[in-house]
1. For helix A:128-139, report the angle its Cα long axis makes with the longest principal axis of the Cα atoms of chain A; keep it between 0 and 90° and round to the nearest 10°.
2. Which values of log₁₀ I(q)/I(0), to two decimal places, follow from the Debye formula for the stretch B:96-210 at q = 0.09 Å⁻¹ with a uniform point scatterer at every Cα?
3. If packing is taken as the average count of other Cβ atoms within 10 Å, what order do B:200-209, A:208-217 fall into, highest mean first?
4. Just tell me which lysines come within less than 26 Å, Cα to Cα, of A:Lys88; anything on the same chain fewer than 8 places away is out.
5. Once the piece of chain linking B:Arg128 and B:Arg198 is laid out straight, how much longer is it, given 0.36 nm per residue of separation minus the C-alpha distance between them?
6. Quick one: which residues, 5+ away or cross-chain, put their amide H under 5 Å from the amide H of B:Leu325? H built at 1.01 Å from N.
7. Name the most mobile residue of B:Thr155, B:Thr231, B:Thr13, meaning the one with the largest mean-square fluctuation, in a Gaussian network model of chain B with Cα contacts below 10 Å.
8. Give, rounded to the nearest 20 debye, the magnitude of the charge dipole that the protein assembly as shown has about its Cα centre when Lys and Arg contribute +1 at Cβ and Asp and Glu contribute -1 at Cβ.
Amino acid sequence: MNVLKVGMISFAHMHAASYFHHLNSREDVEIVGIADENQERVRPFTEPHGIAYYSTAEELLKQPVDAVVICSENSRHAELTKLSARAKKHVMCEKPLGLSEEEMLEMIEVCRAEGVQLMTAFPCRFLPPVMKAKEAIDRGDIGEIIAMKGYNRGTMPSGWFIDPELSGGGAVLDHTVHVLDLMNYFTGSTAEEVYAHAGTLFHDVDIDDAGMVHVRFKNGVFAVHDPSWSRPSSYPTWGDVMLEIIGTKGVLNIDSFSQKNNVYSNKANKAQWSYWGDDMDEGLVNNFVTSLLQGKPVAVTGEDGYMSARVALAAYESARTGAPVKLTSR
Amino acid sequence: MKLSIIGAGTMGTTCARNAAKLANVQAAGVCDLIKERAERCAELCGTTAYTDIDEMIAKEQPEVAVVCLPTYLHKNAVLKLAEHGIHVICEKPIAMNEDDAREMQEACVKHGVRFFIGHVVRFFPNYRDALARVRRGEIGEPGIAHLKRYSAYPTGYDGWYRDQGKSGGVIVDLMIHDIDFARALFGEVKSVYASINRSESMDYAQVTMEFTNGRIANLTGYWGYPGPFTTQYEIAGDQGIIQFDSNDVRSLDVKLQKQGTEAGASVPVPSSPANHDPYYYELKHFLECITTGSEPIVTAEDARKALAVALAAEQSAKLRKPVELEVAP
């Protein structure tokens, strides 16, 4: 059997644990090693599974590895992606792809020049309601898309996520990119103009935890999105990914995590929503692996990552200047 | 208190039903250009139907009149009533533009009559509960609100809603409820940004209000929605969240077996029955304000400011830029 040899670079982002699980459960994947400057963080993954540990990405990249999964702090995505691409490894990079237009375009260019694929980790594409919505929209069930309203609200993360040096931004960067990617995907268009608010309204932190992002797309569709870290600890779940799409012939609503049980337990002392729907990370990992094994293009590319992250970057500029920001055509 | 109703459409009819329920109210004429409509409405509250407003005022000598006319007719009716020394309760939106609104406010002050605008959402028990809890600090310091109001395209007499020059469109007529409520929640508005899509079949708008205290509200309004009339809101604060979705309220839900071969003969609509509708509480409150001389929970000034925000939103959508509001002195 054809086996994909995968290395994992950094577990700074907790999604690495889920990607590890899905990679490790595939027969056609061999996890060759994990590189992380913090050995304690990855020991629960390396030791029980007999997987090699490397303290640097460079060491890991010297191994016979076909592809890498990068879950570092946002600020290191560009450096690690380019390093991996130059070692001829395919890359799946955690979102947001990068922290500036220039570095993202360079990541894409280096991967292209080295002949490796670059996938942006947008698992929401693999949610069954999202996939069904895409089919419905492409069939023309709701006619032409006119407008959209998105929500990706969450509880506030901790650690490097709220350190601008390492994260590059707060809620607006962290929680705009997923839904913007879905908006790009559904409209088949990309953003042309962004007007946004960004601020700190919910927590005592030195980074944005609240925002409202208005987007105009090249094809005339307009949209608004709330990326705030506005879920309190009493909220029954971590957050949401919701999208309402207004079409000329109907309205389509996606509530990604509404496949849930309502749980009332004295042990939690608050209501809880227990999601029982399909795991989107599994779909993402499967697409990465099978695409590479079959030599097909991955479903979510570096360009996709760039097209959504640049909206978040423009949102910060708009929030600073108080004016709409036009995106240069690419 | 002798009360006249001007305009016997949907709102006038609602007012007539509620006037009949209020013990201290004596219905004193219903006026509408369409005689049959005026008669039907007058019957609901046991009074006389008129097609001429001057005749009604002369014969009935009302102390208060409720103006339930299309928006573009508010100004003339209110000015006339004020001149006759009659207190005015007028449907929202207050007027088509701010100058008219100010003129109406000034005329009422000049003639010593009270002037109320029916921003009825303030009297909906769910909105009242949410506002009270926010004001009690239950969600801590509020940060972001989402407010949504979707309905079918309203018809009205002669299709006046579809004429933007008469109704103002979905922001000025429908979303203004949520603009007013957002102001009640968060305070004065600093700037507004809006996007609108208008066509034969729909009028849809997204509006973001930025408040002077940094809080943000995003409102969506839709005429032409294919689903049931829907209102939703979420108010998020640093200590909690309040959410509401009208589609979740099904305190009474009846499902009927199909009768014989008549497929889909009945459309089951879940409902939220109550002792009184919010218009009843609104009318009762405004009449109490007249009797006691107290301030209403929503003033004509609030109504004018909500209109200013709505018009600024229209302007923003045209200019594709945020529009700053005049900060109140």
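Throughout, read-outs are computed from the coordinates displayed, never taken from laboratory work. Values in this document were obtained by computation on a predicted structure and should not be read as measured data. Here Cβ is always computed from backbone atoms with ideal geometry, including for glycine, and neighbour counts include all displayed protein chains.
1. Orientation of helix A:128-139: about 60 degrees from the principal axis.
2. -0.32
3. Numbers: B:200-209: 21.7, A:208-217: 25.8.
In decreasing order of mean packing, B:200-209, A:208-217 become A:208-217, B:200-209.
4. Candidates past the 8-residue exclusion: A:Lys5, A:Lys62, A:Lys296.
5. Details: separation 70, 0.36 × 70 = 25.20 nm, distance 3.17 nm.
Computed gain between B:Arg128 and B:Arg198 is 22.0 nm.
6. Excluding prolines and chain starts, which carry no amide H, the hits are B:Ser191, B:Val192.
7. Fluctuation is largest for B:Thr155.
8. Details: 65 positive and 87 negative charges, 214 e Å.
Once rounded to the nearest 20, the dipole reads 1020 debye.
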